[in-house]
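The values are calculated or read from the model by the stated rules, or taken from the named source; none is laboratory data. Predicted, not measured: the structure shown is a model, and the values here were computed from it. So basically every Cβ, Gly included, is an ideal-geometry build from the backbone, and we count neighbours across all protein chains shown. Please note that ligands, DNA and RNA were not included when accessible areas were found on the heavy atoms of the full protein model with its side chains. Shrake-Rupley method; radii C 1.70, N 1.55, O 1.52, S 1.80 Å.
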Amino acid sequence: MDARSVTDRFPRPSVMGVVNVTPDSFSDGGVNFAAEEAIATGRRMVAEGAAIVDVGGESTRPGAAPVSLDEELRRVVPVLEAVAHELPVSIDTAKAEVARRALELGAELVNDVTALRGDVAMAGVVAEAGAYVCLMHMQGEPRTMQANPTYSDVVSEVRAFLEDRLRFAVSVGIAEERICLDPGIGFGKTVAHNFELIRRLGELTALGRPLVVGFSRKSSLGRILGDPNATTGPLSASIAAAVTAYERGATILRVHDVREHVEALTAARAVVG
Ligand code: HH2
């Protein structure tokens, strides 16, 4: 396992490429459901400049049905066997057993959208392996989270949640410098909530941990462009969201279109200096 802190391992801005080994992800319509396709996509993303590829076998889109442990392993293990020793890989899962297998096969980061709340064994798996971990905010659960997301102040509530999960992770033996945090764009949030989180991202960087932001192709981007029923958003708007998030302090941008985001973020970094 890489011994560096998240900050040293992932300089700002770093791109995380999304490889959904699923038939039903909101964003890519199952293009990487076949292992050979997922493997080729992962290799291409790293060649295009991704710092890490995020392999996931369960869709978390609004309304998605849960996947069994066996099915999730069946989807991701062949991909991890092929690439996790050759490429930098993170595993997008809420199941401790999937994370454990992925880390054994060479993954270095566990991306858990439940922030260690979904599976009681997850924190121990991450701590024991000394892996990097991403703790993400979600209100509710994927099946129902977009029904009626409500906050009195979305940014302070997300911040309090992330601070609490960070404290929990450290208390169970995960080194603080291995942890990054994520506001969870689209996870129990309205369009207005998602944009306010980016606008006020500085209140989350104040927690002192690197932030992951995943706005790529999300429906809020299609909705501000005029389609109230959009389920995805275009690349152009995804890049604008990633660049503004970077400018406001994000470290890792989780994206589907790696080359375009790497180019845009390289220009943004040149401007920021
Ligand atoms: N978004 C999705 C999945 N995992 N993980 C983190 N840390 N942050 C995110 O914003 C995030 C995430 C949803 O996007 P995608 O993987 O493209 O879709 P699906 O969940 O339908 O597979």
Among the residues in region 69-79, are any more than 18 Å from Glu104 (Cα to Cα) and either in contact (Cβ under 8 Å) with a residue 40 or more places away in the chain or away from the ligand (no atom under 16 Å from the Cβ) (or both)? no
Of everything in region 26-71, what is modelled with pLDDT of 95 or more and among the polar types (S, T, N, Q)? Give them in sequence order. Thr41, Ser68
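Results for (1) among the charged types (D, E, K, R); (2) surrounded by fewer than 21 Cβ atoms within 10 Å (Cβ to Cβ); (3) farther than 18 Å from Asp92 by Cα, shown as yes or no for each residue.
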| position | (1), (2), (3) |
| --- | --- |
| Val170 | no, yes, yes |
| Glu177 | yes, yes, yes |
| Leu181 | no, no, no |
| Gly186 | no, no, no |
| Asn194 | no, no, yes |
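Let me confirm something: among Pro228, Pro234, which residue is over 24 Å from Pro13 (Cβ atoms), away from the ligand (no atom under 14 Å from the Cβ) and surrounded by fewer than 21 Cβ atoms within 10 Å (Cβ to Cβ)?
Matching residue, one of Pro228, Pro234: Pro228.
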Can you confirm whether region 114-126 contains a residue that is under 15 Å from the mean Cα position of the chain (by Cα) and either within 11 Å of the ligand (Cβ to nearest atom) or open to solvent by 50 Å² or more (accessible area, probe 1.4 Å) (or both)? yes
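How do the helices (runs of 4 or more DSSP H) wholly within region 125-235 filter down when requiring 3 or more residues that are out of contact with any Lys or Arg (no Cβ under 7 Å at 6 or more places or on another chain) and basic (Lys, Arg): which remain?
The qualifying helices (runs of 4 or more DSSP H) are 154-171.
Here is a check on your reading of the model: is Glu37 of a type in the set (Asp, Glu), surrounded by 15 or more Cβ atoms within 10 Å (Cβ to Cβ) and within 12 Å of the ligand (Cβ to nearest atom)?
Spelling it out, it is not the case that Glu37 is of a type in the set (Asp, Glu), surrounded by 15 or more Cβ atoms within 10 Å (Cβ to Cβ) and within 12 Å of the ligand (Cβ to nearest atom).
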